Amino acid sequence: MAPIDVVHLVGSSIYAVFLVLFLWLNRFPRTHSVAIWWALAMLCLLSARLSLLLPDWGAEERIAEAVYIAFVVLEKLFLVTGLIRLLALDSLERYCRGVALLALVWLVAGVGFDLAVTTVAWGVVLFNSSALGLLAVLAYRYRHRVPKGMLVFTALVAAVFSVYWLSYPSLRFEPETQAAGFVTGMVFSVLLYLSLIGALLLLFQQRLLDAESRALELAYLDPLTGLNNQRYMTKLFEDALLLATRPHQSVALIYIDLDNFKPINDRAGHCIGDEVLKIVAQRLREHTRSTDICARLGGDEFVVIATQLNDAAHVHDIAAKLLARLKDDIQVGGQHYNIGASIGISLYPTHGEALAQLLEKADQAMYQIKKHGKSGYQLFDA
């Protein structure tokens, strides 16, 4: 077997492996069918190499060269289309297809009008070099869309490959340089597609991490107000107790039940009620410390866990400040609403060591406020 045939056989084997790999990647969700375009590109490269391994075309050598070049042109079209899909630049697709069509027309016309093979090849070389140049520009310009700078490597390989393609006619049609030329081109192709596989996997990984992050937010945050929900409040409370074991520090649980909220829901509707709850949540965030825990239990019930209190009496100042802010008018949809709040307070470890115990004691203190006219705060008193 001639050395050049060995090169084509090795190249065909490598491209076949890449074809299978891209078809496998295409089965992954959230890839936007990017891998299928690169699978098509690999199929074209494989077909191009196999066409060179066929028996001697004899007098039809021009057609054999045209078949090879046609596959290479299509490969560049699918290659660039895949990157465009990866970067969500769909508006560029039609331009790439148009230029590829022109290259194929030039190829067919060259064969039909019996132009010199090198003349036909130069037209296609310009297309392939331009396609790789475009790939390099897009990869570098939008490099930040893929983590870890993988597209920078893609841009570098594509740029060098683009320049290398300009040497195609001299390497392709000189017997002493054919094998080296094909090997070099194969190396560039392998590096280029490996970088694209890396970019695709990194982007896929980032999307999975983003999806996981959003899922965790839904699991631990109240979807309406963005405050912690009761499940996450339990975990945060356990963390707060670790800090409360330090000398002279305590934890206070402040149970807040909004006054006069139900009439807003009944008269103005749930949409207005939801906006009121969002404003309440925002006020709680603004008037508590970063170390405190704000949570919504559900409905119009909220909890603030004041952590790292050097003096338990300081909880009275916190409750008074929250109550004053919640008494302020709330403006939604051009209307003013006054709600106020009934607040019950329990202390750790004075009133209990478990969150459920503290919630129960604070809830009892809150109902004492409700019984005596609402809009106030009270510390639990056994």
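The values are calculated or read from the model by the stated rules, or taken from the named source; none is laboratory data. All of these numbers come straight from a predicted model, not from anything done at the bench. FYI the Cβ positions are ideal-geometry reconstructions off the backbone, even for glycines, and counts take in every protein chain you see. Only protein heavy atoms, including side chains, enter the accessible area calculation; ligands, DNA and RNA are left aside. Shrake-Rupley method; radii C 1.70, N 1.55, O 1.52, S 1.80 Å.
For the chain, adding -39500 (n - 2.57) for each run of n ≥ 4 DSSP H residues and dividing by the number of residues yields -22500 deg cm²/dmol at 222 nm.
Of all complete DSSP H helices in the chain, those with a Cα span along the helix axis of 30 Å or greater and a mean Kyte-Doolittle hydropathy of 0.0 or more are 3-25, 61-86, 117-141, 175-220.
When the inverse distances between all different Cα atoms of the stretch 149-304 are averaged and flipped, the Kirkwood radius reads 21.3 angstrom. Surface composition of the chain: carbon and sulfur make up 61 percent of the accessible area, probe 1.4 Å.
An ellipsoid equivalent to the chain, defined through the eigenvalues of its Cα gyration tensor, has semi-axes of 73, 22, 15 Å when rounded to whole angstrom and sorted largest first.
The mean accessible area for residues of the stretch 266-382, using a 1.4 Å probe and ignoring ligands and nucleic acids, is 50 Å² per residue. In straight-distance terms, cross-link reach from K278 covers every one of the lysines whose alpha-carbon lies under 16 Å from its own, apart from those fewer than eight places away in the same chain; here that gives K262, K327. Using Cβ point charges alone (K and R +1, D and E -1), the dipole size of the stretch 171-326 about the Cα centre works out to roughly 100 debye. Of all the options G334, G352, G123, the one that moves most in a Gaussian network model of the chain with Cα springs shorter than 10 angstrom is G334. Can you give me the Rg/Rh ratio for the stretch 261-316, using Cα atoms for both radii and the Kirkwood formula for Rh? Taking Rg over the Kirkwood Rh, I get 1.10.
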